[in-house]
Amino acid sequence: MNINEVINYAKSKNLDTIEALLILELILKTRKELLIANIKKSLTKKEKKLFFDQIDKIEKGTPIHYILQKKEFMGIEFSLNKHVLIPRFDTECLAEEALIQIQQNGFKKILDLCCGSGCIGLSIAYYIRKKVILSDISTKALQIVEKNTKKLKLEKFVEIIHSNLLKCIKGKLDIIITNPPYLNKEELEIKNKIKKEPTKALLGFGKDGLNISRKILSQAKEKLNPNGLIIIESAPWQIKSLKDFAIKKGFSHLKTIYDLEKRARALILGQRDDTSIRDCTFNKDK
């Protein structure tokens, strides 16, 4: 079989051409542009087996990005593995809003909590060259954060802390950005039938999946500076419950962030009712 034929095979298994080319790029160690230029080139028996093995894994539920061990987020390529959640395009609205608020308010003490691969915090450090703390309970996730930090040459802008939520975070913070686990058990069971991602990065506990988010908000009240902000992601259907809980804890609801599908995706919460935020647009291409 040649390159064109194995691509057609992958398409018959519901992959698109680009996905097939990315797998071939990984196996043949050849840029996809060259693969296209040599579309009639035959694969060896070993290369075909490797390709078919990867397609089989995808059919059985392994996300393609775990096979490729990389995913783009905010225009940056991040390394990842099965121990971290795959960065979602929906979460870019969180990172973009954080970049705006950090720059407009001159925030210096910045925390990416439940950081996973580090895509949010490292994107912030990459674009505005400010020091960011990245924290997670998973040591295996923090190994990926360290790898991405070195890959992006951000060592002098990044502090990595192993912590159960805010327990080991010292001092006051200006802003906390967090995409915590927020699926409930039923959602997790449905999701895991389709995609294999780490339970620890997905399960938020409680009937509504918000137990971890509630713990974060309860702890954050004492960790934020008077004019500090927390930006927290959740599922669209959880936003009202999360907002109501935050208000009961003494936070002011400053803004609801919507993703490109116009779904409520995150909340910006402040310490005081008179805290103000500014709306503008962050441009990654500047």
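The values are calculated or read from the model by the stated rules, or taken from the named source; none is laboratory data. As the structure is a prediction and not an experimental result, all values here were calculated from the model. Cβ: placed from backbone, ideal geometry, glycine included. Neighbour counts: every protein chain shown. Side chains are part of the model used for accessible areas, which takes the heavy atoms of the whole protein and leaves out ligands, DNA and RNA. Shrake-Rupley method; radii C 1.70, N 1.55, O 1.52, S 1.80 Å.
When G171, G209 are checked against the criterion of being at pLDDT 70 or above, at positive phi and open to solvent by 30 Å² or more (accessible area, probe 1.4 Å), a single residue qualifies: G171. In summary, helices (runs of 4 or more DSSP H) completely within the range 12-100 and bearing 2 or more residues that are surrounded by fewer than 13 Cβ atoms within 10 Å (Cβ to Cβ) occur at 32-37, 45-59. Sort out which residues of the range 219-258 are among the acidic types (D, E) and more than 24 Å from the chain's Cα centre (by Cα), and write them in order of number. Selection gives E222, D244.
May I ask you to list the residues in the range 119-136 that are surrounded by fewer than 18 Cβ atoms within 10 Å (Cβ to Cβ) and not in a helix (DSSP H, G or I)? R129, K130, K131, listed by residue number. Answer with yes or no whether I230 is more than 17 Å from P87 (Cβ to Cβ), in the same structural domain as I176 (by the TED database), touching a helix residue (DSSP H, G or I) at 6+ places or on another chain (Cβ under 7 Å) and not polar (S, T, N, Q). Spelling it out, I230 is indeed more than 17 Å from P87 (Cβ to Cβ), in the same structural domain as I176 (by the TED database), touching a helix residue (DSSP H, G or I) at 6+ places or on another chain (Cβ under 7 Å) and not polar (S, T, N, Q). Look at S241 and say whether it is within 19 Å of C115 (Cα to Cα) and either modelled with pLDDT under 95 or surrounded by fewer than 19 Cβ atoms within 10 Å (Cβ to Cβ) (or both). It is false that S241 is within 19 Å of C115 (Cα to Cα) and either modelled with pLDDT under 95 or surrounded by fewer than 19 Cβ atoms within 10 Å (Cβ to Cβ) (or both). If you go through the range 267-281 and keep only what is buried (at least 18 other Cβ atoms within 10 Å of the Cβ) and either out of contact with any Lys or Arg (no Cβ under 9 Å at 6 or more places or on another chain) or at pLDDT below 95 (or both), you end up with G270, Q271.
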